[in-house]
Structure formats: structure tokens, C-alpha cells
Amino acid sequence: ISYNVTLETGAGSTTTNRTGGAIALLRKAAGGTYAVVAGTESYTYNRIATIDTNTGTVSVIYNVTANDVFKIVFIRTGSSAASKLGTIPAGTAWTIEAVT
């Protein structure tokens with residue numbers, strides 16, 4: 001499983017700088033709850049008063065079982081409450097490839 005997520009500051013027309021972002025792949029086993037897949041966390045640090053972008057990229061080999069559900073999430077990890085992060089669709093993708 002590989003992902004790359006590009007985050008930008010300045011989302012929602014805010015210009016607050018020094019904003020950290022955390023990105024992770026979550027797995028939900030059948031009947032379970034979401035949990036971070038070990039080794040899939042990445043972090044960005046965006047520091048500029050106007051739009052700044054950084055990309056988190058991770059690749060892991062993971063044994064997937066039937067009915068597993070995956071999702072990629074990101075959060076703002078620092079700076080003021082007024083700062084906002086957003087994803088850039090053109091810089092965001094994930095790939096799941098079967099290895100036999």
C-alpha cells in the first residue's frame with residue numbers, strides 16, 4: 001500500500017503560518033474499529049504566510065484480510081486555531097497492489 005498526500009496551508013483563505021500536519025493510513029478489521037497501520041504515519045511542516053505545500057509519502061507491505069476497510073486521514077498538529085490545512089487533489093493518491 002502506498003500513499004502520497006499533499007497538504008497546503010492557506011485553506012479557507014487563511015494565511016496563518018507554521019502549521020504541522022499528520023497523515024496516516026487507518027485500517028478497520030471486520031467488526032472492529034479504525035486503528036493506525038504501523039509504519040504509515042508521515043508529517044508535514046508548512047511555514048509561510050501564504051500558501052505553502054508539503055507532501056507526506058509512505059509505502060508499506062501489509063497483509064490484507066477479507067472485509068478490511070482502509071482510509072487515509074490527516075490532522076493539523078500545531079499552530080493557532082485560525083490556521084487551516086487542506087489537501088491538493090493533484091498531489092494526493094494511494095495505490096493498493098497485490099503481491100503474490
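All of the numbers you see were taken from the coordinates with simple rules; none came from a lab. All figures in this text were calculated on a predicted structure; none of them were measured in a lab.
Results, tabulated for the structure shown:
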| item | result |
| --- | --- |
| Stretch gain in nm, segment I88-S2, where the contour uses 0.36 nm per residue and the Cα spacing is subtracted | 29.3 nm |
| Compactness relative to 2.2 N^0.38 Å, alpha carbon Rg of segment 20-100 | 1.27 |
